[in-house]
Amino acid sequence: MNSEHEPKIVAFLCKWCSSAGSDMAGVSRLEYPSNVIPITVMCSGSVSPLYILSAFNLGADGVLVSGCHPGDCHYIKGNMYARRRMALLKELLPYIGLEPERFQMSWVSAAEGLKFTQIIKEFVKQLKPLGPQTQLRRSL
Amino acid sequence: MRKKIGVFVCHCGINIAGTVDVKKVAQELSEFPGVSYTVDYVYMCSDPGQNLIIQKIKEEKLDGVVVACCSPNLHETTFRRAAQSAGLNPYECEIANIREQCSWVHKDKDKATEKAIKITKGIVEKLRWNEPLQPIKVPVTKRALIIGGGIAGIQTALDLANSDIEVVLVEKNPSIGGHMIQLSETFPTLDCSQCILTPKMVEVSKHPKIKLYTYSEVQEVTGYVGNFQAKILKKPRYVDPDKCTLCDECTQVCPVVVPNEFDLGLTGRKAIYIPFPQAIPATYTLDIEACPGVLPIACGKCWDVCEPKAIDFDMKPEIVEEKVGAIVVATGYDLYDKKNMAEYGYGKYPDVLDGLQFERLLSASGPTRGKILRPSDHKEPKEIVFIQCVGSRDPELHNKYCSKICCMYTAKHAKLYKHHVHDGQAYVFYIDIRAGGKGYEEFVNRTMEEEGVLYLRGKVSKVFEENGKLVVWGVDTLAGQDIEIRADMVVLAMAIRPSSGAEKLAKILKAAQDTDGFFAEAHPKLRPVESLTAGVFLAGVAQAPKDIPDTVAQAGGAAIKVVSILSQPELLHSPLVAQVNEHLCTGCSMCVDVCPFSALSIVEGKAKVNEVLCEGCGTCAATCLRSAIEVKNLTHLQVHDMLTASLGGLK
Ligand SMILES: Cc1cc2nc3c(=O)[nH]c(=O)nc-3n(C[C@H](O)[C@H](O)[C@H](O)COP(=O)(O)OP(=O)(O)OC[C@H]3O[C@@H](n4cnc5c(N)ncnc54)[C@H](O)[C@@H]3O)c2cc1C
Ligand code: FES
């Protein structure tokens, strides 16, 4: 087991809440690990399961999807669809040999900069002991 | 042909350059496929910085620009405008956020630089596939629909009509006026409510720009900002207002008596009635549910005596359609249902009243002609207890919020009681006094000091009847003792609830409600009169409990927001909308089902996007099994390429 492994993480953040929340973390100068590359999407509801599998396929060690709190989606109910879709995907991951902990969904509002940093820190801590993700990584 | 992309890396003073090696970012990006020009500069958003971008777009013949700088929320518009002024389509300019999401949150310079490079490369990959887009132009119908004819709706209607905008005002009751017309005198100045409202009501009825539908409800709304179609149900009132001469013969002969809504059941009215003398429109309404039957055989007494033959039993419900460009919700409130307050005997003892019933007792036009008398025995109450916050500020059992106006109207009630019954004693139970408003604190203080009203800080646990008295059990938390008052009358400041039907209307308008059921504003501070649905605005208590001055101010605010839309020749809508690949679409309609905006439909077996309704959320794109529908400039391919770059490529 390689505890020094620095996991590569992709975070899909909805524009209206979670991306704004991560901006808030910046404005408040709250430090967190640099392992995460953010990708801003319009709504968590636009994140296709395909994106997550692609990310693993391209070598991600962990994937985060973060949207507005339930009930607060800028598009009324996009995050409700996301929640159902992502819960299902998480349950399916073990069947393709992937630790479900490698995938996470969270709710971060535009004001919750601190919460965003905590989620990232927690996720990195959780991913480190798992080592590199090789199950879905495209063979080179 | 491959796009020629320029990458402009901002130092933001030391905000970015302090943690990110901006030179290295520019250097690495210059070697990235498709990037033909890179530069770093101390402040890209400054005039010289913007000019640098404009100049390089022209000199280097760039087809696209990535600015690696602060969050797109700050300067996306700035840089897109700059790009546009150099002849580029604004959608060929994208922002890589390397400040808020990178330099400000990391300390290790190597790691932050590495991350900034990945972020910027990801955005270059996205830009590579961006299409040039033009905003979608939408024509505008210069008319407004206002739902609710209380003071909020009346004020909005007048402000709009006086700005030369045609108004359709829909009120569900037989008359406009809302709750304000029921009030006696209004705090903090104690001017007579009817005296200040009726001139406005008359102006509404006479205004050439206002079309009034009373006894009507909005049933269906389709369309979008600038172009809504509303279906309005006109309930039959069985009286032709044009023929009715208000002679009142009909009510004299009508044999049916039902509780009078206007007096909140303190009096009765006939099945054919005028809600109150100053009603607008000035006409009678036949309450078909109370009437023994529309068939003249069943009764028909009113029809017999009506000389101008204004009564028409054959009237049918009618549905009319109106086209409007904007909608204002002004549906106001109802008091919290009395069945929730059994412990206070409300609904059980006739002398336990709610605030609005007390207003009717105080009103010169009310059931007692302005005398304060007990409904049970018509005696003057010598001891009266007012209880505040009934059903408000009680998250466990009732409503969690403060109803805001009750502290003030209770002070008003106690004061007016003392004006009527000089030798009487008034008690007020309160949690604390919230009198924030011009002249409000002074008003409450005068009630306490000059009128000798006794304010008791604490809650009432029970009200029950004993030997003709209402026994009030409470605590005085300041004195720390239990209190028992044997009162003649109890008045409850019931919580303010969104008007019944608010939920249904919210669905019809696709406008969101907050957790308490009031219509949700788009932003609690900066957009308090807009709903989250474009073109739908809010005024008055429909949005949150408030008094008349605040309601009138908000109504004026809603009117100007409507004007700012309807005064434009056409509206611009973001072109970042869904598009369908017809070769892949099988017409399964899964996207139609998930679209939160009803922007999708199946036409000739294929999904079709209504670009004006589409907000570009992409829920459809994530649902489609065949990737047949995607949002422009954020396609699956673009996301895939962004992922590749973000994860360091497939090397
Ligand atoms: C006991 C009491 C005393 C008060 N005293 C004062 C005072 O002294 N001073 C003061 O400033 N404020 C006072 N207020 C507050 C005042 O009543 C409100 O601020 C004001 O009435 C709000 O106006 P509105 O138009 O928003 O709502 P409303 O007056 O409730 O009007 C809403 C209108 O919309 C109609 N409607 C509802 N739903 C629909 C629908 N779906 N379709 C069509 N029409 C619909 C209703 O029939 C009604 O006519 C008092 C309130 C109470 C309860
Ligand atoms: S916009 Fe944030 S989850 Fe939909």
Query - Label point at B:Thr515 placed 7 Å out along Cα→Cβ; residues across the stretch A:82-125 whose backbone nitrogen lies under 17 Å - result: A:107-112
Report summary line: Interchain or sequence-distant (5+) residues whose placed amide H lies within less than 5 Å of the amide H of B:Ala96 are B:Val67, B:Ala68, B:Cys69
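Quick one: putting +1 on the C-beta of Lys and Arg, -1 on the C-beta of Asp and Glu, what dipole do you get for the stretch B:519-564 around its Cα centre, in Debye to the nearest 20? Present the calculation step by step, with values, prior to reporting the outcome.
Details: 4 positive and 4 negative charges, 22 e Å.
That gives the stretch B:519-564 a dipole magnitude of about 100 debye.
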Query - Zone of B:His419's modelled label, taken as backbone nitrogen in the stretch B:187-221 under 18 Å from a point 7 Å along Cα→Cβ - result: B:187-198
Requested in this report: Over every pair of different alpha-carbon atoms in the stretch B:497-583, take the mean of 1/r and invert it; report that Kirkwood radius in Å.
Outcome: 14.5 Å
Query raised in the report: Using θ = phi - 60° and the Karplus curve 6.51 cos²θ - 1.76 cosθ + 1.60, what whole-Hz ³J(HN,Hα) does each residue of the stretch A:35-40 get, with Gly and Pro shown as x?
Result: 5, 9, 9, x, 10, 8
Query raised in the report: Using 1/(1 + (r/R0)^6) with R0 = 60 angstrom and r between the beta carbons of B:Glu307 and B:Lys348, what's the FRET efficiency to the nearest 0.05?
Result: 0.85
Report summary line: When B:Thr283, B:Thr189, B:Thr619 are ranked with the fewest other C-beta atoms within 10 Å first, the list becomes B:Thr189, B:Thr283, B:Thr619
Report task. Report the residues of the stretch B:107-148 in range of a label on A:Glu4: point 7 Å along Cα→C-beta, backbone N strictly under 11 Å from it. Result -> none
Query raised in the report: Could you give the alpha-carbon Rg of the stretch B:335-497 over 2.2 N^0.38 Å, rounded to two decimals?
Result: 0.96
Requested in this report: Mind jotting down the three principal axis lengths of the stretch B:5-134 based on Cα atoms? Whole angstrom, largest first.
Outcome: 40, 29, 24
Query raised in the report: Using 7 Å Cα-to-Cβ label points, what is the A:Glu101/B:Ala364 separation (nm, one decimal)?
Result: 7.8 nm
Query raised in the report: Put a dot 7 Å past each Cα toward the Cβ at B:Lys243 and B:Lys137; how far apart are the dots in nm?
Result: 5.1 nm
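Suppose only helical runs count, i.e. DSSP H with n ≥ 4. What mean residue ellipticity at 222 nm does that imply for chain B under -39500 (n - 2.57) per run, divided by all residues and rounded to the nearest 500 deg cm²/dmol?
On the way: 16 runs with 172 residues, N = 651.
Only helices count here, giving -8000 deg cm²/dmol.
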Report summary line: Tilt, helix B:109-128 to longest principal axis of chain B (alpha-carbon atoms), in degrees rounded to tens, equals 80 degrees
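May I ask you to sort B:Cys195, B:Cys389, B:Cys588 by Cβ crowding, counting other Cβ atoms within 10 Å and putting the fewest first?
Details: B:Cys195 10, B:Cys389 25, B:Cys588 15.
By the 10 Å Cβ count, ascending: B:Cys195, B:Cys588, B:Cys389.
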Query - Rounded FRET efficiency, nearest 0.05, which uses the C-beta distance separating B:Glu441 from B:Asp394 and R0 of 22 Å - result: 0.35
Report task. Hey, can you grab everything whose amide H is under 5 Å from the amide H of B:Gly587? Only 5+ residues off in sequence or another chain; H modelled, so Pro and N-termini drop out. Result -> B:Ala607
Query raised in the report: So what's the angle, to the nearest 10 degrees on a 0 to 90 scale, between helix B:47-59 and the longest Cα principal axis of chain B?
Result: 50 degrees
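Let me make sure I get this right: for the stretch B:10-51, a, b and c are the square roots of the gyration tensor eigenvalues over alpha carbons, sorted descending. Under 1.5 in a/c it's rounded, otherwise prolate if a/b > b/c, else oblate. Which is it?
Numbers: a/c = 3.80, a/b = 1.32, b/c = 2.87.
Cα axes put the stretch B:10-51 in the oblate bin.
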Query raised in the report: Got a sec to turn the phi values of the stretch A:103-112 into Karplus ³J(HN,Hα) couplings, 6.51 cos²θ - 1.76 cosθ + 1.60 with θ = phi - 60°, whole Hz, x for Gly and Pro?
Result: 10, 9, 10, 9, 10, 10, 8, 4, 8, 9
Query - For the stretch B:142-197 versus the stretch B:82-119, the gap between their alpha-carbon centres in whole angstrom - result: 51 Å
Report task. Compute the separation of the alpha-carbon centres of the stretch B:339-361 and the stretch B:469-485 and state it in Å as a whole number. Result -> 19 Å
Report summary line: Taking B:Lys270, B:Lys107, B:Lys211 and counting other beta carbon atoms within 10 angstrom, the fewest-first order is B:Lys107, B:Lys211, B:Lys270
Requested in this report: Go through the stretch B:539-553 residue by residue and turn each phi into a ³J(HN,Hα) via Karplus (6.51, -1.76, 1.60, θ = phi - 60°); whole Hz please, and just put x for glycine and proline.
Outcome: 9, x, 5, 3, 8, 5, x, 7, 8, 5, x, 5, 4, 5, 5
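Gain in length, B:Asn89 to B:Asp593, computed as 0.36 nm per residue apart minus the alpha-carbon separation, to one decimal in nm?
Here the segment from B:Asn89 to B:Asp593 would lengthen by 178.1 nm.
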Query raised in the report: What distance in nm separates the simple spin-label points at B:Ala298 and B:Gln55, each placed 7 Å from Cα in the Cβ direction?
Result: 8.7 nm
Query raised in the report: What residues qualify as long-range amide H neighbours of B:Leu353, i.e. H under 5 Å apart, gap of 5 or more or another chain, H built at 1.01 Å from N?
Result: B:Val490, B:Val491, B:Leu492
Query raised in the report: Fully extended, how many nm does the chain gain between B:Lys469 and B:Glu484 (0.36 nm per residue separation, minus their Cα-Cα distance)?
Result: 4.2 nm
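For chain B, what is the percent of antiparallel DSSP beta bridges, rounded to the nearest 5? Numbers along the way, then the final one.
Details: 55 of 104 bridges.
Of all bridge pairs located within chain B, approximately 55 percent are antiparallel.
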Report task. Could you let me know the centre-to-centre spacing of the stretch A:108-140 and the stretch B:543-571, using Cα atoms, in angstrom? Result -> 45 Å
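Contact order normalised by length for chain B, with contacts defined as Cα pairs under 8 Å and 6 or more residues apart; what percent is it? Could the numbers behind the result be given before it?
Details: 1389 pairs, mean separation 86.1, N = 651.
Worked out over chain B, it gives 13 percent.
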Requested in this report: May I ask for the angle, rounded to the nearest 10°, between helix B:151-161 and the longest principal axis of chain B, with both axes built from Cα atoms and the value confined to 0 to 90°?
Outcome: 60 degrees
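Nearest-5 percent of antiparallel DSSP beta bridges in the protein assembly as shown?
Numbers: 55 of 120 bridges.
Looking only at bridges with both residues in the protein assembly as shown, the antiparallel portion is about 45 percent.
Coordinate-derived values only; no laboratory data. This is a predicted model, so every value here is computed, not measured. Please note: Cβ atoms are built from the backbone with ideal geometry, for glycine as well, and neighbour counts cover all protein chains shown.
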